[in-house]
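Remarks on the structure that follows.
The values are calculated or read from the model by the stated rules, or taken from the named source; none is laboratory data. Bear in mind the structure is a predicted one, so any value in this text is a computation, not a measurement. In this analysis, Cβ positions are derived from the backbone assuming ideal geometry, glycine residues included, and neighbour counts consider all displayed protein chains.
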Amino acid sequence: MRPDVPVLDATNIVVGKGSFKISPIVGHDLQVRTDKFDMDAWIEMFTAPEQQTSSVLSELNTPKIPMPQRVDINSDELKLAGMEWNDVNFDAKRKFRLVYQPNQSAGAG
């Protein structure tokens, strides 16, 4: 039997200039390829309590978008934890072990 609301077993969300995966997707991925990205705003959106107001969409059997298990961000400007980062390649997996590899040389300005 099928559930009343579809369940997303695997997702690949692409924000900005990205490529779609051709191979089978496993788990939930988020890829961000933009000049500027405000991760603080996205975290707030994903963690904000659901609104109690009624809308047409809330009455439909729409699936919930799951929290990503893997995040890959490539951005010229990233806002994270209230700080602005430049030339960022950011990868996080599962329990969000963060790896930050700045493209700027130390002392360059």
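Structural remarks
- Residue in region 80-91 that is under 20 Å from VAL26 (Cβ atoms), in a loop (DSSP other than H, G, I, E, B) and modelled with pLDDT under 85 present: no
- Residue pairs meeting the criteria (Cβ under 6 Å; at least 6 apart or on separate chains; first touching a residue at least 40 places away in the same chain (Cβ under 8 Å) and outside any loop (DSSP other than H, G, I, E, B), in region 64-79; second surrounded by fewer than 19 Cβ atoms within 10 Å (Cβ to Cβ) and among the hydrophobic types (A, V, I, L, M, F, W, C)): VAL71/ALA92
- Pair list, Cβ < 8 Å and 6+ apart or interchain, from region 21-44 residues that are modelled with pLDDT under 85 to residues that are polar (S, T, N, Q): LYS21/ASN12; ILE25/THR11; ILE25/ASN12
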